[in-house]
Amino acid sequence: MAKGIKTGGRTAGTVNKTTAETKAILQKIVSNELDNLQHLLEDLNPKERLDAIIKLLPYILPKQQEIAVESTQSQFQPITVTIVKPDEVRQIVNELDNKY
């Protein structure tokens with residue numbers, strides 16, 4: 001490896017020409033296929049359609065990480081449950097709609 005001052009070549013971070021061209025071609029292909037995706041999915045049987053959607057989900061929704069919660073309390077704390085009638089729920093929703 002040569003030591004000293006760099007005098008030529010690409011600057012750091014510059015993508016080479018082949019990589020840039022390949023990315024552009026792939027982006028064009030994917031863009032065209034996205035327009036046809038609905039029709040392509042309709043042509044699949046239900047199991048194949050579900051498999052395809054499951055494979056596409058990670059590109060739309062981020063994967064959730066498991067979160068472990070450890071309690072330092074040795075006793076259970078009571079939970080209060082309030083039963084709300086449907087009319088009361090509608091009233092609360094209407095109040096929130098009017099407020100926001």
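Taking the criterion of being modelled with pLDDT of 85 or more and over 20 Å from Val30 (Cα atoms), no residue of the range 51-78 qualifies.
When Thr19 is tested against (1) on the phi > 0 side of the Ramachandran plot; (2) open to solvent by less than 70 Å² (accessible area, probe 1.4 Å), just one condition goes unmet, and that condition is (1). For the range 37-56, filtering for residues that are outside any loop (DSSP other than H, G, I, E, B) and surrounded by fewer than 10 Cβ atoms within 10 Å (Cβ to Cβ) leaves 7. Looking only at residues of the range 77-95 that are of a type in the set (D, E, K, R) and not in a loop (DSSP other than H, G, I, E, B), we find that the one that is most open to solvent (accessible area, probe 1.4 Å) is Arg90.
Residue count for the range 12-37, restricted to those that are within 19 Å of Ala52 (Cβ to Cβ) and among the acidic types (Asp, Glu): 2.
For the range 57-70, residues that are farther than 30 Å from Glu33 by Cα and open to solvent by 90 Å² or more (accessible area, probe 1.4 Å) total 5.
The values are calculated or read from the model by the stated rules, or taken from the named source; none is laboratory data. Computed from a predicted structure; not experimentally measured. As a convention, Cβ positions derive from the backbone with ideal geometry for all residues, glycine included, and neighbour counts pool all protein chains shown. Keep in mind that these areas ignore ligands, DNA and RNA; they rest on the heavy atoms of the full protein, side chains included. Shrake-Rupley method; radii C 1.70, N 1.55, O 1.52, S 1.80 Å.
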